[in-house]
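I have placed the structure first, in the form of structure tokens, so that the comments after it can refer back to it.
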Amino acid sequence: MPLQFDDLPQNLNQMGFGDIHIKYDPQTELLAIITIHNDKLGPTIGGCRCIEYPSFSAALQDALRLAKGMSYKTAISNLAWGGGKAVLLKPKQIKNREAYYRTFGRFVNELGGRYITSIDSGTELSDLAYIAKETPYVSGLSHYYGDNTDPSLATAMGVKHGIEAAVKFKFDKDSLAGLRVAIQGIGHVGYHLCELLYPLGVELIVTDVNQQALERCKTQFNAKIVAPEAIYQVACDIFSPCALGGVLNETTIPQLKASIVAGSANNQLAENQCGELLNRYNILYAPDFVISAGGVILATALYDKRSMTSAITQLQDLYEVLLTIFTRAEKQKLPTHIVAEHIAEERLSG
């Protein structure tokens, strides 16, 4: 699958990218892209995503977008790390999973520590163990913290703190009791978010394409189930997108009956101007790359072998980070995501 220059996005320079590395191994059918967005603050870190893509161009666009998001996440969280991403164009069938991921591990090793990989969609902890046989540049292995290495739980914890900050700013409330939260997507992060919110007296409304996951949330958290297309019209205080990106657009935003949008999904705004549209509807938006930073906070703590207490403190700091963004956005009369990007870019530029 030769790389055509047409595959490269026209705004590559504007995105501020450093390196794009590509590796193909015919024996294992590994086709991998590693993008290094910005390593000014330190080595780059980002998950290894292994999914089927319709084209090489689509995979490259995903890798670039996610790597830039990782730079923003590390910068906004005051981490001495940069942002990178690995995308594996998953074949129809991985014939030998160990050989496949060990080949990828050698690819990571070739970069000499400029990129540290970790878990992401389509990659499992066992795959990280295969990668680690070929390179030390892996974060998230369970041998250091035992079972406390679930990035989805850390992400959910960050989202919870972000929701608390938004509720404080919007409603001047210190408690979530009695509030209604509509969660779109109850996979790993969405489910953990239900676990964290339910004991606080939150009323949960959930949707997903996985009926079994829905029934589990109904049984465990007394959650109300709605159809995927109905989640936008649910009367609630907080809409929490925890599945796919691009869900906030010119069609869905006018349907929202929430006062706050705060969820873990990456790239929630379909277009940049959708942040302004949320503003016009008086909906407070917790920028996705800020509120979902829990996973990378945990990943860097694991790699640096810092204490779990240190990671939890940094997760809690997201509350103040978001309050600062909300306050600055109100004063400057700007959408919150623009203010968050400005803060991240200020740190990335030194």
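Readers should treat all values here as calculations from the given coordinates under stated rules, not as data from a laboratory. On a predicted model such as this, the values are computed, not experimentally measured, just so you know. When we count neighbours, we look across all protein chains shown, and the Cβ atoms used for this are built from the backbone with ideal geometry, even at glycine.
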Volume per residue that the Cα convex hull of region 151-348 spans, once the total is divided by residue count, Å³: 113
From DSSP H assignment alone, runs of 4+ in the chain each adding -39500 (n - 2.57), the sum over residues rounded to the nearest 500 puts [θ] at 222 nm at -13500 deg cm²/dmol
For the chain, what's the relative contact order in percent, using C-alpha pairs closer than 8 Å and at least 6 residues apart? 16
How far apart, in nm, are the 7 Å Cα→Cβ label points at Ala80 and Asp174? 3.5
Can you put Val209, Val167 in order, fewest other beta carbons within 10 Å first? Val209, Val167
Say R0 is 56 Å: what FRET efficiency, to the nearest 0.05, do Thr309 and Glu110 get from their beta-carbon distance? 0.95
Considering the options Cys236, Pro335, Tyr198, tell which one lies farthest towards the positive end of the dipole of the chain, charges being +1 on Lys and Arg and -1 on Asp and Glu at the Cβ, about the Cα centre. Tyr198
Taking 0.36 nm per residue of separation between Thr251 and Asp317 and subtracting their Cα-Cα distance, the length gained on full extension comes to 20.4 nm
Rounded to the nearest 5, the percent of antiparallel DSSP beta bridges in the chain equals 30
With labels modelled as points extended 7 Å from the Cα through the Cβ direction, what inter-label distance (nm, one decimal) is found for Glu229 paired with Arg97? 3.6
Give the relative contact order (percent, whole number) for region 151-348; include only Cα pairs under 8 Å separated by 6+ residues. 24
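Within region 244-346, which GluC sites (Glu not before Pro) sit in a loop by DSSP and count at most 14 neighbouring Cβ atoms inside 10 Å?
Glu250, Glu271
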Please find, in a Gaussian network model of the chain (springs between Cα atoms separated by less than 10 Å), the residue of Lys68, Lys92, Lys23 whose mean-square fluctuation is greatest. Lys92
Taking r as the C-beta separation of Glu271 and Gln220 and R0 as 41 Å, the FRET efficiency to the nearest 0.05 is 0.65
With the dipole of the chain worked out from charges on the C-beta (+1 for Lys and Arg, -1 for Asp and Glu) around the Cα centre, which of Val159, Ser307, Val138 lies farthest toward the positive end? Ser307
Could you identify which residue out of Leu64, Leu200, Leu322 has the top mean-square fluctuation in a GNM of the chain using Cα springs shorter than 10 Å? Leu200
Length gained, Ile22-Val209, 0.36 nm per residue minus C-alpha separation, equals 63.9 nm
Expected sort for Cys236, Cys217, Cys48 with the fewest Cβ neighbours (10 Å cutoff) up front is Cys236, Cys217, Cys48
Place a +1 charge on the Cβ of each Lys and Arg in the chain and a -1 charge on the Cβ of each Asp and Glu, then give the dipole magnitude about the Cα centre in debye, rounded to the nearest 20. 220
Fluctuation leader among Ser77, Ser259, Ser310 - the chain, Gaussian network, Cα springs under 10 angstrom: Ser310
